[in-house]
């Protein structure tokens, strides 16, 4: 009889421990695939979406979904996707040459087809956004195959401008993340 009582207590305490463990684990989300529950012995799970544009869209979509004030009639995730395509084209597919000029650098940026259009959209928008920041001056001129972008910097930043080069200049400024959110919310940050 004592043995049965002890066995019952052990079973009940084991069930309680299992319930406590299960309750401490995060609940699967609505989008989680069947059979993908987190295994306590597997360690950490990945946090990146697997591809940078996908991850950027995923992050923005999660921000929008978490905000009860999101106006879903204005949200345009496709516009963000198109912008990220432009970013990819400029970053990976544009041909860039640079030429030192008095007080700065002239970047000639060329591409064919959709790359050319991406170059023209991205450089003009970035130049407009960054104009005057930290005393730097930007000017763009569309060409038949892309853009000529001239960047002038204060003398103290001459080495920095040279080291950054075209793509480093294009990545400057922490406005990109808010820019992406504005696009996804249906705004046009280039106006």
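The values are calculated or read from the model by the stated rules, or taken from the named source; none is laboratory data. Bear in mind the structure is a predicted one, so any value in this text is a computation, not a measurement. Ideal geometry is used to build each Cβ from the backbone, glycine not excepted, and the neighbour counts take in all protein chains shown.
The figures follow:
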quantity: Breaking point among (1) surrounded by 13 or more Cβ atoms within 10 Å (Cβ to Cβ); (2) under 20 Å from residue 57 (Cα atoms); (3) at pLDDT below 95, for residue 118; calculated: (3)
quantity: Top-ranked residue of the stretch 160-191 - restricted to ones that are part of a loop (DSSP other than H, G, I, E, B), under 16 Å from the mean Cα position of the chain (by Cα) and modelled with pLDDT of 85 or more, ranked as farthest from residue 57 (Cα to Cα); calculated: 172
quantity: Residues (in a loop (DSSP other than H, G, I, E, B) and at pLDDT 95 or above) located in the stretch 44-81; calculated: 67, 68, 69, 70, 71, 72, 73, 74, 75, 76
quantity: Single unsatisfied condition, residue 65 versus (1) farther than 18 Å from residue 180 by Cα; (2) free of Cβ contacts under 8 Å to residues at least 12 places away in the same chain; calculated: (1)
quantity: Total residues in the stretch 142-157, condition in contact (Cβ under 8 Å) with a residue 24 or more places away in the chain and assigned to a helix (DSSP H, G or I); calculated: 1
quantity: Residues within the stretch 86-102 that are touching a strand residue (DSSP E or B) at 6+ places or on another chain (Cβ under 7 Å) and either buried (at least 20 other Cβ atoms within 10 Å of the Cβ) or closer than 15 Å to residue 164 by Cα (or both), tallied; calculated: 5
quantity: Among the residues listed as 104, 135, the single one being in contact (Cβ under 8 Å) with a residue 24 or more places away in the chain, over 17 Å from the mean Cα position of the chain (by Cα) and within 14 Å of residue 169 (Cα to Cα); calculated: 104
